[in-house]
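Shown next, in structure tokens, is the structure this report addresses.
The values are calculated or read from the model by the stated rules, or taken from the named source; none is laboratory data. Owing to the predicted nature of the structure, the values given are computational and were not obtained by experimental measurement. Methodologically, a virtual Cβ is constructed for each residue, glycine included, from the backbone with ideal geometry; neighbour enumeration extends over all protein chains shown. When the accessible area is computed, the model is the full protein with side chains, heavy atoms only, and any ligands, DNA or RNA have been set aside. Shrake-Rupley method; radii C 1.70, N 1.55, O 1.52, S 1.80 Å.
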Amino acid sequence: MTNPFRRRSAADLTPRAKVGVFALLLAWTFVVLFPIYWLVVTSFKTPYQVDKGPFYVPFVDFQPTLDAWRYILVELGNDTLRPYLNTVVVGVTSSVIALAMGSLAAYALVRFTYRPRIGLIALGIGCVALSFVGIALGAPPAIVVAAAIGVFAILAQTIGRRFRRSLANSDIAFWLISQRILPPIAVAIPLYVLFQQVGILDNIVALVVTYVATNLPIVIWLMRDYFSAFPRELEESAAVDGASVYRIVRSIVLPISVPGLVATFLIVLIFAWNEFLIALVLTSANAQTMPLQVAAQNATRGPQWWAMSVLILIMIAPVVAMAVVLERYITRGLLIGALKG
């Protein structure tokens, strides 16, 4: 009797099944690539051709023109270059920082055991809240912070020992990923007030800090699954040979984890690259990013689809090129968690 669950290859299919699979793949390819094709075609249309369309095939339905490209890259050259550079700097910087911090935190959650007491955590949150209240009331920040640290140390040594209930590594990981459940609009206004008081509103530093905080849980969650599938025997062998934990991470874990790191980096880069709401709240002109520049083309005369198409194409081009170049690493990195066990 033939095992219905055995692994089959494309060569095992009947000719009719191969034709059906090929037709489905072609249909799905059309669905995926047609929006990109429509962006390219629209970028070479005039406003009249966009309004009187639809026209699908250049040189057949309409005569293509470079007016939209000239308008975006030449007439609005500085207004396009500034948000583009901001997007590159903010996206790459925040993704690299989030990847560096998140991958180390994920490794620690997999290889080390943590038992933080809930009571001590509550005391720490309370002291931080009191320090903010003191600063808001006009007290010197340095004195308030020193007093908060002192109060926490005293309380931790006295009543802190009475707390018994603690959290496990899985609880910490779940708490981290739960931060992504919070709607961005819920923190947009507090972030605006915070950065306004600090004096870095409409600054790429504010965007980098915010994107690192929002993407850090994703990095930790993805890399945690990746490190869980990593063979512990390699680390144990290095430890027997006298390698420290830092040497093991630097020389063994990180080089072998390149596929997972690349895949995770690209995911968080896309999140930072396309983010709109936080950038809309925290920036106005100097730190404006490309998503805001695209939305700005919806002017009083209505949506300028030809200009939007040009901006979107030059916006997604680096990410698409990066995904094509790093495709083999991305595939291995995304599938490693599914192959565990």
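Could you tell me the relative contact order of the chain? Use alpha-carbon pairs under 8 Å, at least six residues apart, and round to a whole percent. Please report the intermediate quantities before stating the final value.
Numbers: 316 pairs, mean separation 93.4, N = 341.
Once normalised by length, the contact order is 27 percent.
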Against the longest principal axis of the chain, how steep is helix 204-228, in degrees 0 to 90 to the nearest 10, with axes from Cα atoms?
80 degrees
Degrees, to the nearest 10: 77-111 long Cα axis against longest axis of the chain:
40 degrees
Please report, as a whole percent, how much of the solvent-accessible surface of region 197-341 comes from carbon and sulfur atoms (probe radius 1.4 Å).
65 percent
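What accessible area per residue comes out for the chain, rounded to a whole number of Å², with a 1.4 Å probe?
Numbers: 20970 Å² over 341 residues.
Accessible area per residue, the chain: 61 Å².
Rounded to a whole number, what % of the accessible area of region 1-128 do carbon and sulfur atoms account for, probe 1.4 Å?
On the way: 6110 of 8710 Å².
After summing per-atom areas, the C and S share lands at 70 percent.
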Please give, to one decimal in nm, the separation of the simple spin-label points placed at Asn274 and Val133, each 7 Å out from Cα toward the Cβ.
4.3 nm
I'd like the distance between the alpha-carbon centres of region 70-98 and region 143-187, rounded to an integer number of Å.
38 Å
Contact order relative to length of region 219-341, as percent, for alpha carbon pairs under 8 angstrom and 6 or more apart:
38 percent
Computed over the chain: longest principal axis from alpha-carbon atoms vs helix 305-325 long axis, angle to nearest 10 degrees, is 60 degrees
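Rounded, prolate or oblate for region 140-259? Axes are the square roots of the Cα gyration tensor eigenvalues, ordered a ≥ b ≥ c, and the cut-off for rounded is a/c under 1.5. Walk me through the numbers before you get to the answer.
Details: a/c = 2.02, a/b = 1.37, b/c = 1.48.
In terms of gyration-tensor shape, oblate.
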Between Ile185 and Thr65, how high is the FRET efficiency from 1/(1 + (r/R0)^6) when r is the Cβ-Cβ distance and R₀ = 41 Å? Nearest 0.05.
0.55
Ignoring any ligand, DNA or RNA, what whole percent of the accessible area of region 145-188 comes from carbon and sulfur when the probe is 1.4 angstrom?
70 percent
Relative contact order computed over region 155-288 (Cα-Cα under 8 Å; 6+ residues apart), in percent
40 percent
Please work out which option in [x] 82, 73, 35; [y] 57, 45, 42; [z] 56, 52, 44 gives Cα extents along the principal axes in Å calculated from these coordinates, and answer with its label.
[x]
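Rounded to the nearest 0.05, what FRET efficiency do Val96 and Val40 have when you use their Cβ-Cβ distance and R0 = 22 Å? Intermediate values should be presented prior to the final figure.
Details: r = 31 Å, r/R0 = 1.40.
The computed FRET efficiency comes out at 0.10.
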If you build a Gaussian network model of the chain, linking Cα atoms that sit under 10 Å apart, which residue out of Val187, Val92, Val294 swings the most?
Val187
Just to be sure I understand: with springs between alpha-carbon atoms less than 10 Å apart, which residue in Met308, Met322, Met101 has the highest mean-square fluctuation in the Gaussian network model of the chain?
Met322
